Amino acid sequence: TDSEKHKWATGVGNELILSNLKKLLETFPELPVQVRTPVIPGFNDDETTLRNIARLTRKNGLKKHLLAQFSSICRDKYAQIGLPFTYSRFELAPEKMSAAIRIFEEEGLSTAVFPDLHY
């Protein structure tokens, strides 16, 4: 939800992602769209960011948001595009994922957590 933060982490802003989500929902309103977010320690696991993500999901008319445990499996992808991977030593504490679930539920969304979906 924060384009500058997204640009810092990926090299590009998030405008295209948000535009594509909007177009997808407008063009195929009957399509069951699933939004998924990896919960990354020190990047998007704070309450403000999680609430903003949940509110964006709800604002787009969706009722469920999928959360994924973060892992460092994407380290090679960062190397391939020449970006430093600064999260290699982070592990998401179970209480952080529990807090994320609570935040999404407080924002009126159901959630599912996929511990075997790693980013």
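The values are calculated or read from the model by the stated rules, or taken from the named source; none is laboratory data. A quick note: this is a predicted structure, and the numbers were derived from the prediction, not measured. Ideal geometry is used to build each Cβ from the backbone, glycine not excepted, and the neighbour counts take in all protein chains shown. Accessible surface is based on the protein model in full, side chains and every heavy atom, while ligands, DNA and RNA are left aside. Shrake-Rupley method; radii C 1.70, N 1.55, O 1.52, S 1.80 Å.
Brief remarks on what is shown
- Looking only at the range 31-81, and only at residues there that are of a type in the set (A, V, I, L, M) and open to solvent by 40 Å² or more (accessible area, probe 1.4 Å), the one that is nearest to E95 (Cα to Cα): I73
- Close Cβ contacts (under 7 Å, 6 or more residues apart or on different chains) running from residues in the range 9-30 that are surrounded by 11 or more Cβ atoms within 10 Å (Cβ to Cβ) to residues that are assigned to a helix (DSSP H, G or I) comprise G13/S3; G13/H6; G13/K7; N14/S3; N14/H6; E15/S3.
- Test: residue in the range 2-10 that is over 21 Å from A112 (Cβ atoms), part of a helix (DSSP H, G or I) and of a type in the set (G, A, S): yes
- Evaluation of K96 against (1) assigned to a helix (DSSP H, G or I); (2) of a type in the set (D, E, K, R); (3) open to solvent by 90 Å² or more (accessible area, probe 1.4 Å) (one fails), failing number: (3)
- Of all residues making up the range 99-119, the number that are open to solvent by less than 60 Å² (accessible area, probe 1.4 Å), modelled with pLDDT of 75 or more and either closer than 17 Å to P41 by Cβ or in contact with a strand residue (DSSP E or B) (Cβ under 7 Å, 6 or more places away or on another chain) (or both): 10
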